[in-house]
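Shown next, in structure tokens, is the structure this report addresses.
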Amino acid sequence: MPLTNLTGIARSEGDPRIQSKGPSSLTDADRLARALGWFSIGLGVVELVAPGRIARGLGLEHKEGLIRAFGARELASAVPTLSVDKSAGLAARIGGDVLDLLTLSTALHPGNPKRGNAAVATALVLGVTLLDLVAYAGVTAAHRRGPDAGGRNYSDRSGLPKGIQESRGLARKDFKTPPDYRAEGTVAAALPAPPSS
């Protein structure tokens, strides 16, 4: 069920209904960042729940605590990656990728019977690192702030399409004073006059 249908739970009778949605403001980089954030959650949970199995599969025995810490780091970086501050989360993910690659490099020595698994894991982490870098560059470019951001410039607009002089007095032209604002119906008119001195 789409989220727009769930919002009907708190809707009062007579409230307007959403008939259709406009185009999404998310860029491709935002969507990639979102996917990487959910990937971080999945990987983080696996590393927290099964660090021994991962360590044995890669030939990294006695590194279960480190793998569990990597899982916590994945979950911590997922939160900003899924929020509006995607660039901070992606930067944390890139830093984590570097740590993962350094750890996996210790499992690539010829004496490791699980060296093949470690090589496959290294290739996968390199691929994810590339995606993290692409997403970081895209998100940073799309959400850049400041005068050099290259966004829309509205400094030449006044908000008055016919100009200032043509717009003067338009609000008063067809304005009708509401009944409760009229002098005879106001609270001020019902109050006694202040004593004269």
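Rule-based calculations on the coordinates, nothing more; no lab input. All of these numbers come straight from a predicted model, not from anything done at the bench. Positions of Cβ are backbone-derived with ideal geometry, glycine not excepted, and every protein chain shown enters the neighbour counts.
Things worth noting here:
- Nearest-0.05 FRET efficiency for Asp180 and Thr140, computed from C-beta distance (R0 41 Å): 0.15
- Each residue of region 130-136 was assigned a 3J(HN,Hα) from its phi angle through the Karplus curve 6.51 cos²θ - 1.76 cosθ + 1.60 (θ = phi - 60°); the sequence is 4, 4, 4, 5, 5, 5, 4 Hz, with glycine and proline shown as x.
- Sites Leu101 and Val49 - FRET efficiency at Förster radius 22 Å, r taken between beta-carbons, to 0.05: 0.45
- Sorting the segments 80-91, 103-114, 62-73, 165-176 by their mean number of nearby beta carbons within 10 angstrom, highest to lowest, gives 80-91, 62-73, 103-114, 165-176.
- Length added when fully stretched, Asp28-Arg115, from 0.36 nm per residue minus Cα-Cα: 27.7 nm
- Using a cutoff of 8 angstrom between alpha carbon atoms and counting only pairs six or more residues apart, the relative contact order for region 26-142 works out to 33 percent.
- Bridgeable lysines around Lys162 (alpha carbons under 19 Å apart, same-chain partners fewer than 8 residues away excluded): Lys173.
- Residue-wise HN-Hα couplings along region 94-108, as the Karplus relation 6.51 cos²θ - 1.76 cosθ + 1.60 with θ = phi - 60° gives them from phi, are 5, x, x, 4, 4, 4, 4, 5, 5, 5, 5, 5, 6, 9, 8 Hz; Gly and Pro carry x.
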